[in-house]
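Written out below as structure tokens is the structure these notes cover.
The values are calculated or read from the model by the stated rules, or taken from the named source; none is laboratory data. Note that the structure is predicted; figures quoted are calculated from it, not measured. Glycine also receives a Cβ, built like all others from the backbone with ideal geometry; neighbour counts cover every protein chain displayed. Note: accessible area is taken over every heavy atom of the protein model, side chains too, but ligands, DNA and RNA are not part of it. Shrake-Rupley method; radii C 1.70, N 1.55, O 1.52, S 1.80 Å.
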Amino acid sequence: MSGISSDWEKVEKMEVEEAENELKALSSSENGLTPRSSDGDNVGDSGGMIESDITPKSSPILSPSPFPTDEFGFPLAIFTKGSVCHPYLALQHHELLQDVNIRSFLVGATNILFKQRRHLTDVIVDIEDDKIEIYDAELRKQLHLHTADLRFADFLVKHVVEERDDIFLDGTAEQSHVGWEGGDEWVRSQFCLYLLSLLSTTENGARETNYHDFNTQFVEAYKTTHNYRLWKATQHDGIDAMHTGHPFMGQYSAADIKLRLSHVMQNTERGKRLGTAVAKTGQAVNSAVQQTGKAVGGALNQAKSAMSNWWAHLNQGPEGE
């Protein structure tokens, strides 16, 4: 994702200031400050109070979401306000990413030139090489997976790769050999539950106890994004009924140690180097064992042959005499 430009920060600051001024005006009227007419008289009943049909459930900071939302505030307005998503972007449209109005982007591409221009990107997901490259050190800390996230990822992978007997009602699973659990809709539902738990935690959870499982640095960084501030600007009745805390929170176990070790070995440079060294050492040991086995086997065969010759000579001795 590209960095947020200073121009957009100024625009957002101006919008926030305008919204705060409107809130102050609204608050003053609700606190009994009665507006006056042009001749200076109070407008309204003899009590001097004005009843307003504007009763916001929460103090709006930004404009409402541009999308129709449900009781949880979904879908989140991620790709708005200069943030764009292109599942595939051709090379001739590459200059779009450098436009001053583009604050962040998520794009798919096949041309190597997109990968070479690192100054435009923070993260590259290389599907062919099966790896994720995070260039910014601070972002790498924010995206670090804690134990609960590793459990969640392991849960998803196991259900996706395992074959199951359950099928969709429309019979699509019979063709793809994928049932509800492990299917596309099931994966989407799991991420939806994850996001709902994350938002519920930011709304109702204690920072010291609940943020850790999601990675506290990630939660604090996410709360500064435009889509979160937009979500926070209005009240969502359904979020209070959601579970507060990570869906896979819990006590540590031996399985967690195995998950952490596997994650370190597969996803860190140090772990990959260690894994390569272990593999080479294993090959060297196997080769030595094979050579030793051949040498020992050869010695045993020679000893066996010598013993057979000696025994045959011993049996022939008395007959010669």
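Just to be sure, is residue 134 closer than 25 Å to residue 217 by Cβ, at pLDDT 90 or above and in contact with a Lys or Arg (Cβ under 8 Å, 6 or more places away or on another chain)? When the stated conditions are applied, residue 134 passes them. Against the conditions (1) at pLDDT below 80; (2) crowded, with 17+ Cβ neighbours inside 10 Å; (3) of a type in the set (Lys, Arg), residue 232 satisfies every one except (1). If the condition is being in contact with a Ser or Thr (Cβ under 6 Å, 6 or more places away or on another chain) and among the hydroxyl-bearing types (Ser, Thr, Tyr), then the range 241-256 contributes only 244.
Residue 171 satisfies every condition listed in (1) at pLDDT 90 or above; (2) on the phi > 0 side of the Ramachandran plot; (3) not hydroxyl-bearing (Ser, Thr, Tyr) except (1). Take the range 101-130 and flag every residue that is closer than 16 Å to residue 85 by Cα and among the aliphatic types (A, V, I, L, M). Residues satisfying the conditions are 102, 106, 107, 109, 120, 123, 124, 125. In this structure, does residue 281 turn out to be surrounded by 10 or more Cβ atoms within 10 Å (Cβ to Cβ), farther than 30 Å from residue 104 by Cα and modelled with pLDDT of 60 or more? Yes, satisfied.
For the range 204-263, taking the residues that are acidic (Asp, Glu) and within 23 Å of residue 142 (Cβ to Cβ), the one that is nearest to the chain's Cα centre (by Cα) is identified as 213. Any residue that is over 30 Å from residue 104 (Cβ atoms), at pLDDT below 90, in contact with a helix residue (DSSP H, G or I) (Cβ under 9 Å, 6 or more places away or on another chain) and part of a loop (DSSP other than H, G, I, E, B) - is there at least one of those in the range 244-254? Yes: the range 244-254 contains one or more residues that are over 30 Å from residue 104 (Cβ atoms), at pLDDT below 90, in contact with a helix residue (DSSP H, G or I) (Cβ under 9 Å, 6 or more places away or on another chain) and part of a loop (DSSP other than H, G, I, E, B). For the range 112-126, a residue qualifies if it is open to solvent by 40 Å² or more (accessible area, probe 1.4 Å) and modelled with pLDDT under 90, and the qualifying residues are 112, 113, 115, 116, 117, 118, 119.
The set of residues in the range 226-240 being touching a Ser or Thr at 6+ places or on another chain (Cβ under 9 Å) and either in a helix (DSSP H, G or I) or of a type in the set (S, T, N, Q) (or both) consists of 226, 227, 228, 230, 231, 232, 234, 235, 239, 240.
Here is a yes/no grid of residues against (1) open to solvent by 60 Å² or more (accessible area, probe 1.4 Å); (2) within 14 Å of residue 227 (Cα to Cα); (3) at pLDDT below 90; (4) touching an Asp or Glu at 6+ places or on another chain (Cβ under 6 Å):
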residue	(1), (2), (3), (4)
55	yes, no, yes, no
68	yes, no, yes, no
76	no, yes, no, no
84	no, yes, no, no
94	no, no, yes, no
